[in-house]
1. Can you list the residues of the stretch C:126-148 whose accessible area drops by at least 20 Å² going from the chain on its own to the full set of protein chains, with a 1.4 Å probe?
2. Using the 7 Å Cα-to-Cβ label point, sort the distances from D:Val2 to its equivalents in the other copies shortest first and give them in nm to one decimal.
3. Using only Cα atoms, figure out Rg for the stretch B:1-91 and give it as a multiple of 2.2 N^0.38 Å.
4. Just the number, please: buried accessible area between A and C, total of both chains, 1.4 angstrom probe, nearest 100 square angstrom.
5. Using a cut-off of 10 Å between beta-carbons, work out the net charge of the residues near C:Val2 (Lys and Arg +1, Asp and Glu -1, C:Val2 not included).
6. When a/c is below 1.5 the answer is rounded, else prolate if a/b is larger than b/c, else oblate, so apply that to the protein assembly as shown with a ≥ b ≥ c taken from the square roots of the Cα gyration tensor eigenvalues.
7. Using helices alone, what [θ] at 222 nm do you get for chain A, with -39,500 (n - 2.57) per DSSP H run of 4 or more residues, divided over all residues and rounded to the nearest 500?
8. For the stretch A:89-133 and the stretch D:20-68, compute the distance between their C-alpha centroids and round to whole Å.
Number of protein chains: 4
Amino acid sequence: MVIYVVTTGGTIEKVYSEQTGEVTNLDSKIDRYLRLLRLPDTDVKIVPLMNIDSLRMTDSDRARVLETVEGLLKEKAPILITHGTDTMVETGLYLDRALTKPEAPIVFTGAMAPLGFEGSDALQNLTESLLALRLLAPGIYIVSHNQVFPITNVRKDKTLGRFVKIEEKSG
Amino acid sequence: MVIYVVTTGGTIEKVYSEQTGEVTNLDSKIDRYLRLLRLPDTDVKIVPLMNIDSLRMTDSDRARVLETVEGLLKEKAPILITHGTDTMVETGLYLDRALTKPEAPIVFTGAMAPLGFEGSDALQNLTESLLALRLLAPGIYIVSHNQVFPITNVRKDKTLGRFVKIEEKSG
Amino acid sequence: MVIYVVTTGGTIEKVYSEQTGEVTNLDSKIDRYLRLLRLPDTDVKIVPLMNIDSLRMTDSDRARVLETVEGLLKEKAPILITHGTDTMVETGLYLDRALTKPEAPIVFTGAMAPLGFEGSDALQNLTESLLALRLLAPGIYIVSHNQVFPITNVRKDKTLGRFVKIEEKSG
Amino acid sequence: MVIYVVTTGGTIEKVYSEQTGEVTNLDSKIDRYLRLLRLPDTDVKIVPLMNIDSLRMTDSDRARVLETVEGLLKEKAPILITHGTDTMVETGLYLDRALTKPEAPIVFTGAMAPLGFEGSDALQNLTESLLALRLLAPGIYIVSHNQVFPITNVRKDKTLGRFVKIEEKSG
């Protein structure tokens, strides 16, 4: 089974720069970590779209994400979009408004700490998302920390450092 | 949400003995690795039942697994059973015959290499299984390597080192 | 044998903040990583002195390092000082000027990437430094990347991202 | 600086076989782990000699080790020999009897748990040994767990799971 992974950057892909001491979006590294997983029946096709902090994502960037997703949906294959958590909901809702009836599940995921950093949630979220794409009905979701949220009922709780349902009390 | 994790041993929990140089089932270590995951909305309750190589599992052991599962099913919480891969299908079918209509999903998982060994699939399988229990309908399944198999349509392919659908060609 | 580890911060101890996305000196973590090493005959005593970026280290901070080292030298036990690499040489020379004849080896080490980050050199440098303290004659040194430098013949090469002898060509 | 690494097998290089569930000497993996270290000024040359459990090492095998070491000593480069811990002392003394005055340091190291297994001491011992070869006078040593033992004053304490000086009380 084919699964598309559209990468847009965000914390999940950030790297530590030994020159500057900063953590930034430089090189895509999703593929390197996906190789740590055993996916014998899953044909992962990575589509590296952009590599930016999601706070810098513009409507023009979101239009590119939409255009890419629309193209891939023609194949009815599930789509994973890796994305910064800060504006993940915004991009998800942008797609939700434009795609009236997607014919495959679309999952957004990201991370609070980059792939390969101690205590990171990034590989967990990738692993969960790939499995979720096997089981979810068509629609747009966020998958993270062993939770699945339909895109219309989720927000990031900055204090808790995770996603919660819209109606949940703030952390 | 509560998820029960019934541990029975198998490769996933094996440890390397520095005294003997062998890899055996000595101490439960599922809990130590589950702590590496972020599970803010999941209340994992571990039920350490036995810690044996699944090739040594007897019908009396399987009866204990069944009895435990029957007890937990009363709470209608999803159940993860960690188990050796060699007789996982056998135990799954044993449960399938006895439980006519389970009211929650029951997922079996295990690993080809123990938790904490280089290149191990164990944490991946645990992560996937916990997510699958969020989404699956009541029934008995094996979850491994980004695949979900209903228990009545799965066998272990020893050559490939993984589970496959019954009808699939041998590796 | 007793070895003192005086921690002053620097990249080696930096942590990733999920709130700010920055890498900063917040909590000491040397002890957590030293516990990964087997040190049956080494009694490591950690002295957490400060936790700052070495570019912010003042002469007053260096005076505190010196005072601490002078106190510990009375026991003639080897001393490891973990320190940011940017001004490690400066602090080392400061000690060198003040300590006319130390009666034990004093080793400075640090890292280009923090402990626990993918590809980090931090645990390697700690491991090497503890071993070096077993073998070195009294004096002040930098140990890093399988090299031992007397403090009077070493500089950081920013381009190469490592220490080199003073006479070596720039990277 | 050139350092030769002569690999002979032992626990340090053992791998877990997913087919048999056993831990055995199959493929050399020292090189893969040495690549995790930063060794800018060290030219490591690996000499894969054999890959066996040291309990199976015969006098004929020891003669091959000796012959190899004699050849390398002509270059006066330090030599690291990775070796099973059970008969490491025996092989070391074999070399000690034959080499009247080696002109470079020769360090034996190994591990209680294989490279890449949780809690392994293997990478620590490799890191320490490479640094020790920088500092030690010509002679034959065992380096392990932050200790350096001249070959004529060391034995393995099976109960403690480590090397100790000959005169030390048993664990």
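The values are calculated or read from the model by the stated rules, or taken from the named source; none is laboratory data. Please read these numbers as outputs of a predicted model, since none were measured by experiment. Note that we place each Cβ from the backbone using ideal geometry, even for glycine, and neighbour counts take in every protein chain shown. The protein model used for the area step is the full one, side chains on, heavy atoms only, and it has no ligands, DNA or RNA in it. Shrake-Rupley method; radii C 1.70, N 1.55, O 1.52, S 1.80 Å.
1. C:Thr127, C:Glu128, C:Leu131, C:Arg134, C:Leu135, C:His145, C:Asn146, C:Gln147, C:Val148
2. Copy-to-copy label distances at D:Val2, shortest first: 4.5, 5.3, 6.8 nm.
3. Details: Rg = 13.9 Å, N = 91, 2.2 N^0.38 = 12.2 Å.
Expressed relative to 2.2 N^0.38 Å, the Cα Rg reads 1.14.
4. Working: alone 8800 and 8810 Å², together 16210 Å².
Buried surface at the A/C interface: approximately 1400 Å².
5. On the way: positive: C:Lys45, C:Lys76; negative: C:Asp43, C:Glu75.
It works out to a net charge of 0.
6. Numbers: a/c = 2.17, a/b = 1.40, b/c = 1.55.
Note, shape of the protein assembly as shown comes out oblate.
7. Values: 4 runs with 45 residues, N = 171.
One gets -8000 deg cm²/dmol as the mean residue ellipticity at 222 nm.
8. Measuring centre to centre over Cα atoms gives 43 Å.
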